[in-house]
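Below is one structure; the comments refer to it alone.
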Amino acid sequence: MNHDELRHWSKIAADWAHDYHLDLRDRPVRARTPRNAIRDALPPKAPELPESMEEIWADFNRLIPQGMTHWQHPRFFAYFPANAAPASMLAEQLVNAMACQGMIWQTSPAATEVEQAMMVWLREALGLPDRFTGTIHDSATTATLSAVLTMRERALNWHGLQAGLSGMPVLRLYTSGETHSSVDKAARVAGIGQQNLVKIPTDDSLSMRPDLLEAAIAADRAAGMMPAGVILCVGGTSVGAFDHVAELIAVAKEAGLPVHVDAAWAGSAMICPEFRLLWEGIEEADSVVFNPHKWLGAQFDCAVQFIANPHEQIKTLGLRPSYLETPDQDEVVNFNEWTVPLGRRFRALKLWFLLRAHGLEDLRNRIRNHVNWSRQLCALLSELPDLEIVTAPALSLFTFAHRDGEAATLDLLSRINDDGRVYLTQTRHQDRLVIRVQVGQFDCTEEDVMMVHTVLSELLE
């Protein structure tokens with residue numbers, strides 16, 4: 001394929017994308033393809049000679065769409081959304097065409113400088129103080145790992161980078177059981193170890209208990225271990241738990257420990273001032289991550305980490321061999337030094353397009369609608385005699401279960417997803433299987449949300 005042919009097929013692909021989204025609502029949300037059917041339909045080896053684009057395109061249409069769970073479906077209420085507003089898609093097309101490698105400033109100055117500007121735009125939109133600067137990672141998992149690695153080295157006075165962890169004090173991290181598994185992964189990958197991630201019990205509101213955090217830190221120090229940091233939860237993945245940020249940061253600061261806040265999903269809602277009470281005290285955090293690719297409309301992947309003191313993270317993660325220097329320039333920002341990978345995509349362009357094409361007020365109204373529709377749906381489901389609301393809406397996330405127990409709940413979930421009109425997923429809350437409803441798909445309507453009630457009413461007749 002040359003670039004003339006690319007232009008031809010790009011137009012065909014654009015038309016396909018338009019038609020795909022046009023009738024997406026009429027498709028089953030979750031893929032119905034039997035396991036391994038697509039893999040087994042592919043040849044066992046790559047072709048030795050070129051094949052025509054007509055053949056490739058025909059096979060794409062025959063195999064791929066039917067094998068996709070449709071994340072942009074307006075009735076996708078599972079997990080958290082991975083939204084892709086059209087303006088964001090357009091920006092990604094341009095990024096794909098330029099195919100830049102933005103590892104340092106000089107390799108793509110626009111990529112670095114637009115990212116710097118977008119971090120300011122988003123910081124102001126979320127109401128965060130000027131003490132924060134930021135960068136874009138691929139996912140919240142990488143952002144949290146970067147924060148945890150920085151906590152590790154800060155505790156060890158940056159000796160671990162050269163000497164390794166052998167012979168070093170046992171490091172301890174503190175979080176609650178409501179945080180995402182990415183925190184567990186960070187503890188493992190950072191060499192701190194799963195058993196040294198201390199899960200502090202929560203209170204009735206599902207917030208980590210400050211008194212137990214304080215006691216755990218003191219007990220670990222008395223036992224000769226070295227506390228390294230605290231990770232807080234703002235909008236947990238399971239049922240939407242919120243830590244009481246101000247109280248817990250106060251305990252951490254009194255103990256001299258840095259705080260990272262995982263607001264991967266709920267952070268987007270903070271563009272609405274009325275929701276900011278949910279993370280009151282956030283201005284004192286050392287690191288905060290939120291994912292515009294979840295609830296703000298930016299196409300995956302786009303996770304933003306705000307950092308109060310980037311120099312500590314750069315000291316932990318930065319390497320600048322001679323071949324990555326920028327000669328004859330004053331000190332420049334090289335965002336690869338803020339994160340784990342050297343290679344970096346131009347992720348900021350889709351934020352620039354998205355924020356300009358929609359404006360903050362349109363994005364706020366979408367989030368407000370999702371929250372309101374979720375509450376309305378929850379009220380309707382509470383009236384169905386076979387269902388029990390287990391956790392009330394936290395922003396736009398709530399859970400329910402069948403009153404007849406776990407087997408009935410699991411059977412109901414299977415029937416919901418086999419029906420195909422909506423897509424829900426499960427979690428465990430206080431050792432009970434529950435079904436999650438999370439409203440957040442970018443283009444969903446009130447009618448789409450109420451389809452959950454329609455489907456459940458019919459299945460429970």
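The values are calculated or read from the model by the stated rules, or taken from the named source; none is laboratory data. Owing to the predicted nature of the structure, the values given are computational and were not obtained by experimental measurement. Don't worry about glycine lacking a Cβ; one is built from the backbone with ideal geometry, like all the others, and counts go over all protein chains shown. Surface accessibility is based on the protein's heavy atoms, side chains included, excluding ligands, DNA and RNA. Shrake-Rupley method; radii C 1.70, N 1.55, O 1.52, S 1.80 Å.
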Can you report the number of residues in the stretch 397-412 which are in contact with a strand residue (DSSP E or B) (Cβ under 6 Å, 6 or more places away or on another chain), open to solvent by 10 Å² or more (accessible area, probe 1.4 Å) and either of a type in the set (Gly, Ala, Ser) or within 18 Å of residue 75 (Cβ to Cβ) (or both)? 1
Among the listed residues 353, 400, identify the single one that is over 28 Å from residue 137 (Cα atoms) and aromatic (Phe, Trp, Tyr). 400
Looking at the stretch 32-89, which of the residues that are among the charged types (D, E, K, R) and part of a loop (DSSP other than H, G, I, E, B) is most open to solvent (accessible area, probe 1.4 Å)? 35
Give the stretch 104-118 a look and list any residue that's farther than 15 Å from residue 337 by Cβ and open to solvent by less than 10 Å² (accessible area, probe 1.4 Å), or say none. 118
Single unsatisfied condition, residue 420 versus (1) open to solvent by 50 Å² or more (accessible area, probe 1.4 Å); (2) modelled with pLDDT under 95; (3) among the small types (Gly, Ala, Ser): (1)
Sole exception among (1) more than 22 Å from the chain's Cα centre (by Cα); (2) closer than 22 Å to residue 341 by Cβ; (3) acidic (Asp, Glu) for residue 130, by number: (2)
Between 297, 281, 256, which is open to solvent by 30 Å² or more (accessible area, probe 1.4 Å) and either touching a residue at least 40 places away in the same chain (Cβ under 8 Å) or on the phi > 0 side of the Ramachandran plot (or both)? 256
Could you list, in sequence order, all residues of the stretch 78-121 that are in contact with a strand residue (DSSP E or B) (Cβ under 8 Å, 6 or more places away or on another chain) and either under 17 Å from residue 444 (Cα atoms) or of a type in the set (Lys, Arg) (or both)? 78, 79, 80, 81
Selection status of residue 448, acidic (Asp, Glu), under 30 Å from residue 362 (Cβ atoms) and touching a helix residue (DSSP H, G or I) at 6+ places or on another chain (Cβ under 8 Å): yes
Residue 411 - would you say it is of a type outside the set (S, T, N, Q) and touching a Lys or Arg at 6+ places or on another chain (Cβ under 9 Å)? no
Just name the residue that is farthest from residue 441 (Cα to Cα) out of those in the stretch 275-307 that are in contact with a strand residue (DSSP E or B) (Cβ under 7 Å, 6 or more places away or on another chain) and small (Gly, Ala, Ser). 285
Quick check on my filter: what residues within the stretch 218-253 are of a type in the set (A, V, I, L, M, F, W, C) and open to solvent by 10 Å² or more (accessible area, probe 1.4 Å)? 218, 219, 222, 223, 225, 226, 242, 246, 250, 251
Please go through the stretch 356-393 and give me each residue that is among the aliphatic types (A, V, I, L, M) and in contact with a Pro (Cβ under 9 Å, 6 or more places away or on another chain), ordered by number. 357, 371, 377
Being part of a loop (DSSP other than H, G, I, E, B), at pLDDT below 95 and open to solvent by 60 Å² or more (accessible area, probe 1.4 Å) is the filter here; which residues of the stretch 177-201 pass it? 180
Whether any residue in the stretch 436-446 is of a type in the set (Asp, Glu) and free of Cβ contacts under 8 Å to residues at least 60 places away in the same chain is what I want to check. no
Yes or no: residue 457 over 20 Å from the mean Cα position of the chain (by Cα) and open to solvent by 50 Å² or more (accessible area, probe 1.4 Å)? no
When both residues are 6+ apart or on different chains and their Cβ atoms are under 8 Å apart, which pairs have a first residue that lies in the stretch 383-395 and is of a type in the set (Gly, Ala, Ser) and buried (at least 19 other Cβ atoms within 10 Å of the Cβ), and a second that is modelled with pLDDT of 95 or more and in a strand (DSSP E or B)? 394/242
Inspect the stretch 149-161 for any residue being open to solvent by less than 60 Å² (accessible area, probe 1.4 Å) and closer than 18 Å to residue 293 by Cβ and give the result as yes or no. no
Go through the stretch 3-20 and report how many residues are open to solvent by less than 80 Å² (accessible area, probe 1.4 Å) and either under 30 Å from residue 441 (Cβ atoms) or not in a helix (DSSP H, G or I) (or both). 8
The correct count of residues that are closer than 24 Å to residue 275 by Cβ and part of a strand (DSSP E or B) in the stretch 391-424 is 8
